[in-house]
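K.L.:
For reference, the structure I am asking about is given below.
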């Protein structure tokens, strides 16, 4: 006879949690690529200090692999929650598992990437900035889980409080991706300017994650979501532009989402509903304890 299921045993749904596991795997291999880049630099440098040009020539491909893996984590993070909601398989286990995966893929991996790919000339200051980002990302995920565990309130907003950590990681990865490409095509590129810009951007993202700035969750987009011909054409053009200009478009897209949170309060309700694909009757809430994913 089959063993009776323990009523306290959490529900573990296969497909959503498989996507979360893939998210975690991408984050793990991204960190591994960064370490491999560091090891390769140490092997090549020996006792002779490397110039910035030599450093990038040796480690560039490893950092590019790490960036692509972070983008892969973003994709799997999008899929896990989407599959859970479409299949009615949301669970507290999925939410907690997703947050644990996110702190590796979108916290540790981007922090290490930026501190070693761009902020390495700053030494301990670069590590401190990366640590601030990681701590703020962890607090962002902890706050999300606390809000999601509250009882669902009818008519409550489904907005995110603070910048979601996958978006912060995507912005960091895409900007680093663009910088590596620029440096590859222009070895005379001045890194001193960029390291300060990216250090400031990372601190800004850290504060934005734990802020009260509201961002749309887009959790209501599903198979039954209605669209227009114009929206389909625009989406198709964005996909084409992203493929054609793969070093530039990710920065543009993540920057637009980041800035949208600031201009959103001044956008009319009607236009906001069109942008965020909302219906007037929607009342799903971020406070739903079964929601999976930040």
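The values are calculated or read from the model by the stated rules, or taken from the named source; none is laboratory data. Just so it is clear, the structure is predicted and the values come from calculations on it, not from any experiment. Cβ placement follows ideal geometry from the backbone for every residue including glycine, while neighbour counts extend to all protein chains displayed.
K.L.:
Give me the residue from segment 132-152 that is without any contact (Cβ under 8 Å) to a residue 60 or more places away in the chain and touching a helix residue (DSSP H, G or I) at 6+ places or on another chain (Cβ under 7 Å) and, out of that set, surrounded by the most Cβ atoms within 10 Å (Cβ to Cβ).
P.N.:
134
K.L.:
Could I ask something else about it? Give 231, 241, 235, 199 a once-over and let me know the one that is more than 15 Å from residue 175 (Cα to Cα), surrounded by 11 or more Cβ atoms within 10 Å (Cβ to Cβ) and at pLDDT 85 or above.
P.N.:
241
K.L.:
Can you spot a residue in segment 114-122 that is over 23 Å from residue 259 (Cα atoms) and touching a strand residue (DSSP E or B) at 6+ places or on another chain (Cβ under 8 Å)?
P.N.:
No; the residues of segment 114-122 include none that is over 23 Å from residue 259 (Cα atoms) and touching a strand residue (DSSP E or B) at 6+ places or on another chain (Cβ under 8 Å).
K.L.:
Could I ask something else about it? Among the helices (runs of 4 or more DSSP H) lying completely within segment 2-106, list those that include at least 3 residues that are modelled with pLDDT of 70 or more and farther than 22 Å from residue 147 by Cα.
P.N.:
Answer list for segment 2-106: 14-45, 52-86.
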